[in-house]
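The values are calculated or read from the model by the stated rules, or taken from the named source; none is laboratory data. All values reported here derive from a predicted model rather than from experimental measurement. FYI the Cβ positions are ideal-geometry reconstructions off the backbone, even for glycines, and counts take in every protein chain you see.
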There are 2 protein chains.
Amino acid sequence: MAADWPAIFPIFSTITVAGETYAYPDDLTSEEARELWTGGSRCVVAVEDDEILGTSTMGPNRTGRGDHIATGSFMVAPGMQGRGVGRKLGEDLVRWAGEEGFRGIQFNAVVETNAGAMHLWQSLGFEIIGTVPGAFHHPEHGYVGLCVMFRPVGTGA
Amino acid sequence: MAADWPAIFPIFSTITVAGETYAYPDDLTSEEARELWTGGSRCVVAVEDDEILGTSTMGPNRTGRGDHIATGSFMVAPGMQGRGVGRKLGEDLVRWAGEEGFRGIQFNAVVETNAGAMHLWQSLGFEIIGTVPGAFHHPEHGYVGLCVMFRPVGTGA
């Protein structure tokens, strides 16, 4: 995984700078981004023919009395959308969270204009808990909502 | 503010160990708790006759394209509930967020069984965006929901 970072960072950087899907600072160094993306419980890369098509990171959403709910983040390499990479990574998160004994998975901030993500997560059993109005400043659409999404897993189902 | 920490930590510790309202680890050292509570943009204490009645911490809820929404956390000293301390601290957050140019305030995790907090925030103009089911493990009530709450401020109103 550590050896994969030089191949992950261009994906992270391109998507962050585009500014359409994540509220990360757009000026993180490779080292700062590495800590952010690989500092959770588990980081995954989707690989085909030695090429990284996407990556995910996951872990508990909160500490203490909230650590039984997992969360995750996903990036598909630019140009690799529409090939099912995000779905594979999402299915992997659901499986992992169940195996690890989490009771549910929460996404804290899905940009409401990110139609691909909204559709994908709903098709994987996530529901929109609510949408915080104007919480994301989209470079094209202006202030748009951030959706909290959730699905139970394992004993929480 | 730094000089107040020795008086704040017993409040933080008592409330965290009680485990009814925050998903913080319950075994933080004073130094770890200090970083967590005072590491935001601004930390406030409510004082009467040289006694600390409560404390709040506040800052941007997200980085980057989400940094126009503020968040905050609050603790009222045990035994000092019902004296309007939480309300004063909440009104201070709303005023501060407006002055700083935030467009709204989001609470990410209000425990749904915390009736005092739920009532207070709604009376200060916050709405429940949604409730994540079972996301908090309450020592008495078991798995209960965590509410996302929001109110606009300033230009976001």
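Details
- Residue satisfying all of: in region A:83-107; in a loop (DSSP other than H, G, I, E, B) and of a type outside the set (D, E, K, R); farthest from A:Ala23 (Cα to Cα) among these: A:Gly101
- Against the numbered list (1) buried (at least 20 other Cβ atoms within 10 Å of the Cβ); (2) within 12 Å of chain A (Cβ to nearest Cβ); (3) in contact (Cβ under 8 Å) with a residue 24 or more places away in the chain; (4) not hydroxyl-bearing (Ser, Thr, Tyr), B:Gly90 comes up short only at (2).
- Residue among A:Val148, A:Val110 that is assigned to a strand (DSSP E or B), away from chain B (no Cβ under 11 Å) and either polar (S, T, N, Q) or under 22 Å from B:Asn61 (Cβ atoms) (or both): A:Val110
- Within region B:138-157, the set of residues being over 20 Å from A:Gly134 (Cβ atoms), over 15 Å from the mean Cα position of the chain (by Cα) and of a type outside the set (D, E, K, R) comprises B:His138, B:Pro139, B:His141, B:Gly142, B:Tyr143, B:Val144, B:Gly145.
- Within region A:142-157, the set of residues being within 24 Å of A:Asp26 (Cβ to Cβ), touching an Asp or Glu at 6+ places or on another chain (Cβ under 9 Å) and not aliphatic (A, V, I, L, M) comprises A:Gly145, A:Cys147.
- Cβ-Cβ contacts under 8 Å between residues 6 or more apart (or on different chains), taken from a first residue in region A:118-134 that is among the aromatic types (Phe, Trp, Tyr) to a second residue that is in a helix (DSSP H, G or I) and at pLDDT 95 or above, are listed as A:Trp121/A:Gly90.
- Subset of region A:62-77 that is part of a helix (DSSP H, G or I) and crowded, with 20+ Cβ neighbours inside 10 Å - its residue that is farthest from the chain's Cα centre (by Cα): A:Arg65
- Every residue from region A:118-137 that is surrounded by 18 or more Cβ atoms within 10 Å (Cβ to Cβ) and either part of a strand (DSSP E or B) or more than 14 Å from the chain's Cα centre (by Cα) (or both): A:Ile129, A:Gly130, A:Thr131, A:Val132, A:Pro133, A:Gly134, A:Ala135, A:Phe136, A:His137
- Restricting attention to region A:30-58, the residues being more than 18 Å from B:Arg62 (Cα to Cα) and either within 14 Å of another protein chain (Cβ to nearest Cβ) or among the small types (Gly, Ala, Ser) (or both) number 5.
- Boolean, A:Met80 is under 27 Å from A:Gly145 (Cα atoms), more than 14 Å from every other protein chain (Cβ to nearest Cβ), part of a strand (DSSP E or B) and not small (Gly, Ala, Ser): no
- Flag for A:Gly19 being of a type in the set (Gly, Ala, Ser) and at positive phi: yes
- Taken over region A:116-145, residues that are facing chain B (nearest Cβ under 9 Å) and touching a strand residue (DSSP E or B) at 6+ places or on another chain (Cβ under 8 Å) amount to 12.
- Among residues of region B:1-57 being in a helix (DSSP H, G or I), of a type in the set (A, V, I, L, M) and without any contact (Cβ under 8 Å) to a residue 12 or more places away in the chain, the one that is farthest from B:Pro139 (Cα to Cα) is B:Ala3.
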